[in-house]
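**Student:** Got a structure here, written out as structure tokens. Questions coming.
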Ligand code: G1P
């Protein structure tokens, strides 16, 4: 089996973070979302990985390289325009050959990995297997209608009136039958070759397509709370360790990971939390459910349930919670009167001010 990882797309829903970074590289517990996907593919025994890239090709290549750091071999394919998920498969058609493959959308996060689903696909001998999960807002997803035996009957792409609450997860298992389906379908109303249409074609032409229900699924939504929630869940499994320096006046409570070169000075860190390499925390309180990336400086502040990306600076900022702070961003408190907010915000920033 091979894997095809889709890492194109512009990530408009995660602006402004994605103005400067590929959405698949936004970190969860200080590791890019895409790395979890690649690791779970390798864990499932698949090491031949094709990665479809778009405008952020350079960044994705720099992060993944030739795949050897994951124990995989990566081949890149450039999709020049976002013409749909099925179109991405078509680009990699020759490389995929007649092999079975798992298609993995690089912005998706499946807690618990895909080893179980991959084994179910291998064992079942079906033409395709999709994963579905119950969601409160199916209109944002592909939606599946299943027969009682798990057979897929119908798929709708982002329907206004969903026929079930089973969202199609961005991890699909295919045999080479899908290539015939992709040749047969037409672009959708939004001008894309939809993978849901290809799967529906398989169903309609008598192929055996099954679905497995999974729990513990997340995809980016632009809803920062969702990202914070997945960060919290992943942090819960992070191995506690103190590789950096914690001074005698500081306290670590619960599962906390302090990376090498990080310094904790007169501060409290409440787990689950991770403090990246080279970061300095001084006279502050961090956590729980907080990831601070590398080379940040946090002084005189209280940061809880937040994701702070690398090289950010937070100084005398009071209490910050439920926040996503981008790379090299700067948040500083100022004691001078009159009290006023001075802001330099990137395009599409979002800020809530205590008034
Ligand atoms: C795509 C699929 C959709 C699926 C989703 C999962 O949507 O078209 O069926 O539910 O991925 O991430 P997109 O996120 O590309 O809009």
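**Student:** Would you mind finding the one in 254, 322, 318, 333 that is exposed (fewer than 14 other Cβ atoms within 10 Å of the Cβ) and in contact with a helix residue (DSSP H, G or I) (Cβ under 8 Å, 6 or more places away or on another chain)?
**Tutor:** It is 322.
**Student:** Which pairs do you get when a residue that is farther than 18 Å from residue 169 by Cα, found in segment 189-212, comes within reach of a residue that is at pLDDT below 95 and within 13 Å of the ligand (Cβ to nearest atom), reach meaning Cβ atoms under 7 angstrom, with the pair 6+ apart or on two chains?
**Tutor:** 192/83; 192/84
**Student:** Of the conditions (1) surrounded by fewer than 16 Cβ atoms within 10 Å (Cβ to Cβ); (2) free of Cβ contacts under 8 Å to residues at least 24 places away in the same chain, residue 57 fails just one. Which one is it?
**Tutor:** Residue 57 satisfies all of (1) surrounded by fewer than 16 Cβ atoms within 10 Å (Cβ to Cβ); (2) free of Cβ contacts under 8 Å to residues at least 24 places away in the same chain except (1).
**Student:** From the list 66, 149, 107, 99, which residue is crowded, with 19+ Cβ neighbours inside 10 Å and either more than 28 Å from residue 229 (Cβ to Cβ) or touching a residue at least 60 places away in the same chain (Cβ under 8 Å) (or both)?
**Tutor:** Exactly one residue qualifies, and that residue is 107.
**Student:** Mind checking whether some residue in segment 222-230 is within 16 Å of the ligand (Cβ to nearest atom) and either touching a helix residue (DSSP H, G or I) at 6+ places or on another chain (Cβ under 6 Å) or within 21 Å of residue 299 (Cβ to Cβ) (or both)?
**Tutor:** yes
**Student:** Taking segment 339-355, which residues are touching a helix residue (DSSP H, G or I) at 6+ places or on another chain (Cβ under 8 Å) and farther than 12 Å from residue 323 by Cβ?
**Tutor:** 346, 347, 348
**Student:** Separate question: Just give me the residues in segment 283-306 being at pLDDT below 95 and in a strand (DSSP E or B), in sequence order.
**Tutor:** Of everything in segment 283-306, nothing turns out to be at pLDDT below 95 and in a strand (DSSP E or B).
**Student:** Tell me, please, whether a residue that is part of a helix (DSSP H, G or I), free of Cβ contacts under 8 Å to residues at least 24 places away in the same chain and farther than 26 Å from residue 235 by Cβ can be found in segment 14-37.
**Tutor:** No.
**Student:** If a residue counts only when it is in contact with a strand residue (DSSP E or B) (Cβ under 6 Å, 6 or more places away or on another chain), at negative phi and within 14 Å of the ligand (Cβ to nearest atom), which helices (runs of 4 or more DSSP H) contained entirely in segment 87-194 have at least 1 such residues?
**Tutor:** none
**Student:** Within segment 221-242, identify whether any single residue is surrounded by 20 or more Cβ atoms within 10 Å (Cβ to Cβ) and in a loop (DSSP other than H, G, I, E, B), and answer yes or no.
**Tutor:** no
**Student:** Would you check if there is a residue in segment 168-188 being in contact with a helix residue (DSSP H, G or I) (Cβ under 7 Å, 6 or more places away or on another chain), at pLDDT below 95 and more than 21 Å from residue 47 (Cα to Cα)?
**Tutor:** Checked segment 168-188: at least one residue is in contact with a helix residue (DSSP H, G or I) (Cβ under 7 Å, 6 or more places away or on another chain), at pLDDT below 95 and more than 21 Å from residue 47 (Cα to Cα).
The values are calculated or read from the model by the stated rules, or taken from the named source; none is laboratory data. Model, not experiment: these values are computed from the prediction. With ideal geometry, Cβ positions are generated from the backbone for all residues, glycine too; neighbour counts draw on all protein chains shown.
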